[in-house]
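The values are calculated or read from the model by the stated rules, or taken from the named source; none is laboratory data. Small disclaimer: the values here were computed from a predicted structure and weren't measured. Note that each Cβ is placed from the backbone with ideal geometry, even for glycine, and that neighbours are counted across all protein chains shown. All accessible areas refer to the heavy atoms of the entire protein, side chains included, with ligands and DNA or RNA removed. Shrake-Rupley method; radii C 1.70, N 1.55, O 1.52, S 1.80 Å.
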Amino acid sequence: MRKIDLTDFQVATSETARHINRRIALNIIRRYQPLSRAELARRSGLQRSTVSAIVAQLIAEGWVTEGASPVSGRGRRPRFLHLNVERAGIVAVDLRPGTTRVALAGLDARFLMQTEWPTPATPRELAAELARTVAAFRSSQPDIVYEGMGVSLPGRVDDTGRLVFAPNLRWEGMEIRQPIERAVGLPIVLENAASACALAELWFGRQADTVKHLVAVTVSEGVGVGLLVNGQVVHGRDAMAGEFGHVTLDENGPPCACGKRGCWEQYASNSAAVRHYQGLVDGGAGTRRAGGKDAALTFDDVLRFAGEGDARAAAALDRMAHYIGVGVASLIVGLAPQVVVIVGEVTAAWDRVGPVVAATVKRRTLSANTTPIVPTDPATQPRLRGAVTLVVQQHFGAPAVA
Ligand SMILES: [Zn+2]
C-alpha cells in the first residue's frame, strides 16, 4: 500500500474509471491475444457492454485490430482481437560512450530498421545526428506513425532532462532532452540503460507475470544497475539510485572516471577485464597480442582470445566474473530481488563466466537467498529493447491515481 502523496495527486472522475478499465483491457489483449470479446470480459470482469465500448474505442484509435475467426463452424463466430503492433513506430536509441545505435521498432519491440554511428562529442551534435537518422527512417518507412523516442543512457538523468551523472560519457550537467526533442520533433523519454533494461525484462522478457522485484546489471564500459521494486524503477534522490558501479571496493584501487578509486566497475566491467588481461600479459603496456600494433585492445579481443584457448584471457574473464559476483551478492542480500538479469557482451561467454559468478554469489549470500542470475540473450539487443520499453510503458503502464 502506498501513502497518498498530498503534493501530487489526482482526484477520481468518471473519466478516471474509463481510463483505468481501458488500460486494463489493452493490457489483457496484449498479454492474451488473440482473444474474443467474451474472453476479454471474462478475464477483466467487465460487463460485455463495457467491453464492447472499450474495444470499439481501441479499434477506432488503431491500438487493436480485429482478425478473422480462426475456426469455421456453425452459428455466430467470434472475431478475435489483436494488438496492432504496427500502429506505432518507436525510435530506440542506445547511447554508449563509443557508439550510438538507433533502431525503429513496433509495439512488440521487433526492430524494423537499425543503424549505428560513432557517438558525437556533444548533446547538440547527437541531437543533429539523431534528427538525420529519424529523417532517413521516415523516408524509407513513410506509413508508420512515429510515436516517440526512448533513449538508454550510460548515466543518470533528472526530471528536467539534465544528465546528473555520466562519468564514462563526460556530459555531466548538460541538458540532453531539450536539444534532442527540438531537433527530432518527437516526445523523448530518457532513462538510465540499466533501468531501461530492467523495465524491458518486465514488459518483453521471459519472466513470470508475478515478477515485480528485479535487478538488471549492465556490464559494459562501466557497470550500471537498474532496480525495479514493486514493478517500478527506483530513482532515488536526484535520480542517483542504482550507482552500485561506483561503490568503493578498495579505496586504494585503480582510479575511476567518477573521481574516486577502486569502484566496483573498476573490477567488473569490460574495461576492467581488458586491464586484467593486460596485467597478465605484459604488466599493462596495452598492446595487441599479435602483430605488435599499438591499437587499443578491446573486450571483444579478450572474449575471442579466451574462446581460442588463451589461458590468460580466460583468467582475465574469471577475475571479472568473480567481481561481478561480489557486487551481485550484495544486491541479492540487500534487496532480495526475484531475479537478477545480466546484460552485456560478457553474456556471450556465460558458459565460462556464469559458473564463476554463481560460485562467488553462493559463498557471499545467505542460505535463504535463492535469487536466480540470468544472462539476457544478446540477440534481443536488450539496451535497445529497453529504449523501446520507455515509450511502450507510457501507453500501457498503470495510470496514476490518487
Ligand atoms: Zn567510480
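Looking at the stretch 228-245, can you tell me whether even one residue there is within 16 Å of the ligand (Cβ to nearest atom), assigned to a strand (DSSP E or B), farther than 15 Å from E191 by Cβ and open to solvent by 10 Å² or more (accessible area, probe 1.4 Å)? If you could, list the steps in order and put the result at the bottom.
Filtering the stretch 228-245 down to residues within 16 Å of the ligand (Cβ to nearest atom) leaves 240-245.
Right, trim to assigned to a strand (DSSP E or B) and you get none.
No, the stretch 228-245 has no match at all.
Every condition in (1) open to solvent by 40 Å² or more (accessible area, probe 1.4 Å); (2) closer than 27 Å to T160 by Cβ; (3) within 16 Å of the ligand (Cβ to nearest atom) is met by R177 except one, and the failing one is (3).
Cβ separations smaller than 7 Å between residues 6+ apart or across chains give the following pairs from the stretch 57-79 residues that are modelled with pLDDT under 90 to residues that are of a type in the set (S, T, Y) and open to solvent by less than 70 Å² (accessible area, probe 1.4 Å): R77/S69; P78/S36; P78/S69; R79/S69.
The C-beta contact set for the stretch 249-263 (first residue touching a residue at least 40 places away in the same chain (Cβ under 8 Å), second residue acidic (D, E) and within 9 Å of the ligand (Cβ to nearest atom), distance under 8 angstrom, 6+ apart or interchain) comprises C256/E265. Within the stretch 132-152, being at pLDDT 95 or above, crowded, with 16+ Cβ neighbours inside 10 Å and among the hydrophobic types (A, V, I, L, M, F, W, C) holds for V134, F137, M149, V151.
Any idea which residue in the stretch 256-274 is surrounded by the fewest Cβ atoms within 10 Å (Cβ to Cβ), counting only those that are within 11 Å of the ligand (Cβ to nearest atom) and among the polar types (S, T, N, Q)? Filtering first and then ranking leaves Q266. Given the residues E116, E86, which is the only one that is open to solvent by 70 Å² or more (accessible area, probe 1.4 Å) and modelled with pLDDT under 95? One residue alone meets the criteria, E86. Screening G253 with (1) open to solvent by 40 Å² or more (accessible area, probe 1.4 Å); (2) more than 16 Å from the chain's Cα centre (by Cα) gives one miss only, at (1).
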